[in-house]
Ligand SMILES: [Zn+2]
């Protein structure tokens with residue numbers, strides 16, 4: 001099971017996508033419905049950029065922080081067995097902590113901007 005972050009690409013990322021591990025491949029999050037147009041492989045042992053996601057690989061949504069599984073052209077909810085695998089995967093748990101820290105910062109920033 002490889003690990004990806006699904007997210008929206010920005011203009012610069014789109015321009016240099018071919019040199020990044022980022023794969024442009026639009027799919028919607030099965031939890032929040034966020035339309036993410038690419039996936040970045042973030043396995044700790046990926047040194048060569050990795051490949052595109054395959055069926056059964058997992059992804060964390062940049063929008064809501066929930067986990068899903070690549071399945072054909074879609075993302076679906078994990079089965080109980082896959083969920084167990086995600087929870088016991090050190091890379092996934094690191095990504096989970098990183099997402100929560102990012103979300104905390106994002107919320108603080110939004111509060112600050114709202115005055
Ligand atoms: Zn989501």
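Between residue 84 and residue 102, the contour length at 0.36 nm per residue exceeds the Cα-Cα span by 4.1 nm. For a test of the definition: using alpha carbon positions, the gyration tensor, and the 1.5 limit on a/c, classify the range 35-115 as rounded, prolate or oblate. Prolate, because a/c is 1.5 or more and a/b exceeds b/c.
Quick one: 67, 83, fewest Cβ neighbours within 10 Å first, how do they rank? Numbers along the way, then the final one.
On the way: 67 23, 83 14.
So the ranking, lowest neighbour count to highest, is 83, 67.
Ordering 88, 39, 7 by the number of other Cβ atoms within 10 Å of each residue's own Cβ, fewest first, gives 88, 7, 39. Counting neighbouring beta carbons within 10 Å and listing from fewest to most, the residues 6, 79, 40 come out as 79, 40, 6.
Since every read-out is calculated from the coordinates, none of them should be taken as a lab result. Being a predicted model, the structure only gives us computed values, none of them experimental. So basically every Cβ, Gly included, is an ideal-geometry build from the backbone, and we count neighbours across all protein chains shown.
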